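Below is one structure, written out as structure tokens; the observations come after it.
The values are calculated or read from the model by the stated rules, or taken from the named source; none is laboratory data. Just so we're clear, the structure is a prediction, and the values are computed from it rather than from any experiment. Cβ sites come from the backbone with ideal geometry, for glycine too, and all protein chains shown count toward neighbours. Only protein heavy atoms, including side chains, enter the accessible area calculation; ligands, DNA and RNA are left aside. Shrake-Rupley method; radii C 1.70, N 1.55, O 1.52, S 1.80 Å.
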Amino acid sequence: MGVLDLFGLEGKTAVVTGGGRGLGLYMAEALAEAGANLTICSRRREQLEEAAGHLEEVGGGGVLALGCDVADPEQVEEVVERTVERFGSVDVLVNNSGATWGAPPLEMPLERFDQVLRVNVRGTFLMSRSVARRMIERGSGGAIVNVSSVAGLVGGDPRYMQTVGYNASKGAVISMTRDLATSWASHGIRVNAIAPGWFPTRMSRALIERHEREMLEDIPMRRFGKPEDIKGAVLFLASPASSYMTGQTVVVDGGLTAW
């Protein structure tokens with residue numbers, strides 16, 4: 001096998017949660033370009049059909065777009081079951097769906113704190129468990145990529161980032177990644193995580209517009225992430241190129257956590 005062949009996903013099927021926009025769409029594009037069939041899902045269905053059409057153009061596989069609240073076990077099971085019915089298997093899962101809420105810790109509404117953990121932690125667990133069951137039944141392993149954040153590795157800069165629930169949830173995703181990796185390694189299932197730094201997305205755009213100068217000061221490379229910066233990372237972790245890696249977190253942050 002040539003080195004570039006290690007990154008191919010022809011004949012594989014990937015599920016990308018939150019795949020209709022932002023980082024989720026960038027990562028879905030990478031998997032589609034590598035030849036994978038795709039299921040993209042999100043609570044917000046309005047972006048999904050447009051995204052699905054785009055992904056069919058850039059990739060060589062089929063695309064299925066489904067609405068899903070990843071914190072609802074019945075909806076999660078339906079997405080996974082319909083994916084298996086359409087494509088025959090699930091080989092790759094990218095847990096990208098996420099939520100956040102900004103407020104100083106003393107002012108954080110408890111219901112918002114709970115909501116963030118419900119989506120980011122419970123949702124990641126439910127989708128991972130559902131997909132892993134199919135992978136174990138099939139007996140040929142697979143790859144799970146959890147999207148954490150540098151917010152799970154460091155405290156927020158109080159000048160512009162007060163998101164205690166988000167930070168807590170992304171730290172939990174990193175810890176969960178390690179536990180699922182050791183639990184399922186014997187089944188050939190690799191579980192790794194990506195911790196992105198600042199990428200301009202709908203979630204971060206308003207913050208970047210208000211605090212661009214301070215945020216760039218915190219990044220040694222003095223720039224925000226670009227789509228290709230996250231595409232390479234997710235393809236590496238989803239493909240045979242990372243076949244001897246599990247339980248690890250790949251940080252993609254322009255050096256923000258290297259200070």
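Things to note:
- Residues of type lysines that K170 reaches as a straight line, Cα spacing below 24 Å, ignoring anything fewer than 8 places off in the same chain: K226, K231
- Summed over the residues of the chain and divided among them, the accessible surface reaches 46 Å² per residue at a probe radius of 1.4 Å.
- With the gyration tensor restricted to C-alpha atoms of the range 1-153, the semi-axes of the equivalent ellipsoid amount to 27, 17, 16 Å, longest first.
- Bridgeable aspartates and glutamates around K12 (alpha carbons under 13 Å apart, same-chain partners fewer than 8 residues away excluded): E33, D91.
- 5 angstrom amide H check on N146, placed H, neighbours 5+ away: N95, N192, A193, I194
- Counting Lys and Arg as +1 and Asp and Glu as -1 over every other residue whose Cβ lies under 11 Å from the Cβ of F125, the net charge comes to +2.
- Environment charge of E57, counting only residues whose C-beta is closer than 12 Å and scoring Lys/Arg +1, Asp/Glu -1: -4
- Derived scalar couplings between HN and Hα for the range 3-20 equal 4, 5, 5, 4, 9, x, 10, 4, x, 9, 10, 10, 10, 10, 7, x, x, x Hz in order, rounded to whole Hz, by the Karplus curve 6.51 cos²θ - 1.76 cosθ + 1.60 (θ = phi - 60°), x for Gly and Pro.
- Fraction of accessible area attributable to carbon and sulfur, the chain (%, probe 1.4 Å): 51 percent
- Overall, the ratio between the Cα radius of gyration of the range 123-170 and 2.2 N^0.38 Å, rounded to two decimals, is 1.63.
- Per-residue HN-Hα couplings for the range 85-102 [Karplus 6.51, -1.76, 1.60; θ = phi - 60°; Hz; x = Gly/Pro]: 4, 6, 10, x, 6, 10, 9, 9, 10, 10, 8, 10, 3, x, 9, 8, 7, x
- More than 28 angstrom apart: percent of Cα pairs within the chain: 29 percent
- Counting Lys and Arg as +1 and Asp and Glu as -1 over every other residue whose Cβ lies under 13 Å from the Cβ of E81, the net charge comes to -1.
- Between the helical axis of 48-58 and the longest alpha-carbon principal axis of the chain there is an angle of about 60 degrees.
- Rounded to the nearest Hz, the phi-derived 3J(HN,Hα) couplings of the range 167-184 under the Karplus curve 6.51 cos²θ - 1.76 cosθ + 1.60 (θ = phi - 60°) are 4, 4, 5, 6, x, 5, 4, 5, 5, 4, 4, 5, 5, 5, 4, 6, 5, 10, where x marks glycine and proline.
- Each principal axis of the range 75-150 carries a Cα extent, and these read 48, 25, 16 Å when sorted largest first.
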